[in-house]
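Take a look at the structure set out below.
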Amino acid sequence: MPSASDPFALFESWFAEAEAQEPRDANAMILATADARGRPSARAVLLKAWDARGFVFYTNLDSRKGRELAANPQAALLFYWKSLSRQIRIEGETSLVDDAEADAYFATRPRESQLAAWASHQSEVMPEGRASFERALAEVTARFEGREVPRPPRWSGYRLAPDSFEFWREEPFRMHDRQVFARQADGGWEIRYLYP
Ligand SMILES: Cc1cc2nc3c(=O)[nH]c(=O)nc-3n(C[C@H](O)[C@H](O)[C@H](O)COP(=O)(O)O)c2cc1C
């Protein structure tokens, strides 16, 4: 692997290749969280923004992941791009994006998705199955008829600020490349190579 000193620059080049080659959802990533007792859980979310501050995804703050992040803001992200045989692991602490950033992103979503965000009590049981969701959707559709749909108060984004990255690339005969970046106190990155 060509050595890089900046993990964000390496992320940018790998992500661009994934966007060009991965047939679907190159921005899908697995988000792992853990509850206050340390029990882990994982699910896919979509990367919606990233820069030197971190990696942003949007969700319902009362969902299981939202509750776990409230109890324990440490989380991990995993990108696995099958068509490239590459993965990137990213770990760090999450924090909520500010309201203006969440509002701006919410405003870009299709109206149907905005309404669904109001109607879905994400991760809660639907007492009457899908009919509960459809009724809630009809109710919010009527409520916001003829006006813009505001962002639901419990729907927002999290930014994971990385303190470590691992870039993994497949090589023949399991001689894979693993390059790890660990953030240092001065903000620089220590680089190490791990046995595959
Ligand atoms: C490809 C893919 C992308 C997804 N993106 C999101 C997302 O950006 N935000 C979200 O809340 N859920 C997303 N989901 C659904 C989550 O995986 C999950 O089912 C949901 O957020 C509830 O998770 P929780 O109960 O652990 O909070 C996505 C699922 C898939 C398969």
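With charges only on Cβ, +1 for K and R and -1 for D and E, what is the dipole size of the chain about its Cα centre, in debye, rounded to 20?
Magnitude of the dipole: close to 560 debye.
Projecting the Cα atoms of Ala138, Phe55, Ala44 onto the charge dipole of the chain, computed from C-beta unit charges around the Cα centre, puts Ala138 farthest toward the positive end.
Computed over the Cα atoms of the chain, pair by distinct pair, the Kirkwood hydrodynamic radius stands at 18.6 angstrom. The stretch between Ala161 and Asp62, if pulled fully straight at 0.36 nm per residue, gains 33.5 nm over its current Cα-Cα span.
When only DSSP loop residues count, what GluC sites (Glu not before Pro) in region 142-177 have their Cβ near at most 13 other Cβ atoms within 10 Å? Numbers along the way, then the final one.
Numbers: sites: Glu145, Glu148, Glu166, Glu170; in loops: Glu145, Glu148, Glu170.
The qualifying sites are Glu145, Glu148, Glu170.
Mean residue ellipticity, 222 nm, helices only, the chain: the sum of -39500 (n - 2.57) across DSSP H runs of n ≥ 4, divided by residue count and rounded to 500, is -8500 deg cm²/dmol.
Read-outs throughout are calculated quantities, based only on the coordinates presented, and are distinct from any laboratory measurement. If you're wondering where the values come from, they're calculated on a predicted model, not measured in any experiment. Neighbour counts run over all protein chains shown; Cβ positions are idealised from the backbone, glycine included.
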